[in-house]
Structures are given as structure tokens and as C-alpha cells.
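**Student:** I have a structure I would like to understand better, so I am pasting it below and will then ask my questions one at a time.
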Amino acid sequence: MGSKRSLSDQIEHTDLAAKQARIIGSGWTGVNERTFIVVKPDGVQRRLVGEIIRRFERKGFKLVAMKFLQASEEQLRQHYWDLREKPFYNGLVKYMSSGPIVAMVWQGLDVVKTSRKMLGETNPADSLPGTIRGDYCMEVGRNVIHGSDSFESAQREILLWFQQNELFCWDECSQHWIYT
């Protein structure tokens, strides 16, 4: 015999299922998984934006949103909330608001995990050649790029930086050459 669920357990399960359905319905899973990428002020100043976009496009990922902006300290404090207890937090927020950034949303199969590999390690000294940080960075404080570290972080970050109407769903003619 199965055990009976309490009403609160049933509601919680229904809420979770509804959230998962919204994520699946929004196209954020499978080949439609999305991640958040930011070219930091040092990457913009060093004119690496085009190179970074080129790497993601050549990998086969699809760009679904992009903004060139000066981030506010408030938005950055929300973005880096999980680092607020770290000694470098205030310096990070100040640095990230020191110049323009390019915020992007990329879509594709396993894009969160794959893009993290493309970025390289947070400390460029630990990054392999061929990664963005391995090829273009010298120290942690100027590591050119940020990428979501999990599917959940990607969802949170995308919704922090982009409105729903700024995320474009479009048919890419090369998709059948990338996915079976």
C-alpha cells in the first residue's frame, strides 16, 4: 500500500511540477538549455567581445539575448549575492561597475557545463590553453568573463539581467547540422 501524502506535501509537489513545466515550456532544457555570460569590463576594454561571441557561435550555441550596458552597483550586488561574505566582494562590485559590460544569453545542449569549460578556471593560471581565460587572462581580478556555474544559477541570472520579452526564440537554419 502507498502512503498517503498530506495536503501540504501534495501542494508542494504540485508547485514543483508547475515550476518544472514552466521551465520546460519556456524552452530552457535539452538543446534549448540557456546560460548567462558576461564579458567583464576588462574584456570590453581589451576588445575581446567579438572573439568571445565567435567562440560561442563556432561551438554551435545560439545567441538569444545581448545587451551592452553599464551595470549598477545594486544590480551587481544582487548578481553576486552569494559572494557577499567574501573579502573581495566590495572590490568585485566596484570593478564590475567601473566600465561597460556585455551581457548575453546563449542556448544549446549542455550549454551551462560546456560554456564553463570554454571559459576555463576562475584563476587564469589554472586554465588550459584554448580556453578563454587560458588564452587571454593573467590574474583572477581581471579574468575577462563570467558564466553561470549551474542550471539554477543560469535561470536566476538570466531573469535578473533580462526581461522575458528580451529573450528571442528564433529558428536557426544550421541547427540540423549541429544536432541529430
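The values are calculated or read from the model by the stated rules, or taken from the named source; none is laboratory data. Nothing here was measured: the structure is a model prediction, and the numbers come from that model. Counting neighbours? That spans all protein chains shown, and the Cβs are built from the backbone with ideal geometry, glycine included. Heavy atoms of the whole protein, side chains included, go into the accessibility calculation; ligands, DNA and RNA do not. Shrake-Rupley method; radii C 1.70, N 1.55, O 1.52, S 1.80 Å.
**Student:** Which one is farthest from the chain's Cα centre (by Cα), of the residues in the stretch 105-129 that are farther than 17 Å from Gly43 by Cβ and part of a loop (DSSP other than H, G, I, E, B)?
**Tutor:** Filtering the stretch 105-129 for residues that are farther than 17 Å from Gly43 by Cβ and part of a loop (DSSP other than H, G, I, E, B), the one farthest from the chain's Cα centre (by Cα) comes out as Leu128.
**Student:** Sticking with this structure for a sec: Would you mind telling me which numbered condition in (1) of a type in the set (Val, Ile, Thr); (2) under 20 Å from Asp42 (Cα atoms); (3) in contact (Cβ under 8 Å) with a residue 40 or more places away in the chain Val140 fails?
**Tutor:** (3)
**Student:** Provide a single number: the residues in the stretch 151-171 that are open to solvent by less than 30 Å² (accessible area, probe 1.4 Å), within 21 Å of Tyr80 (Cβ to Cβ) and not in a helix (DSSP H, G or I).
**Tutor:** 1
**Student:** Taking the residues in the stretch 115-147 that are polar (S, T, N, Q) and closer than 30 Å to Glu166 by Cβ as candidates, determine which candidate is most open to solvent (accessible area, probe 1.4 Å).
**Tutor:** Filtering first and then ranking leaves Thr122.
**Student:** Here's something else I'd like to know. Could you say whether any residue in the stretch 98-114 is within 19 Å of Glu74 (Cβ to Cβ) and open to solvent by 40 Å² or more (accessible area, probe 1.4 Å)?
**Tutor:** Checked the stretch 98-114: at least one residue is within 19 Å of Glu74 (Cβ to Cβ) and open to solvent by 40 Å² or more (accessible area, probe 1.4 Å).
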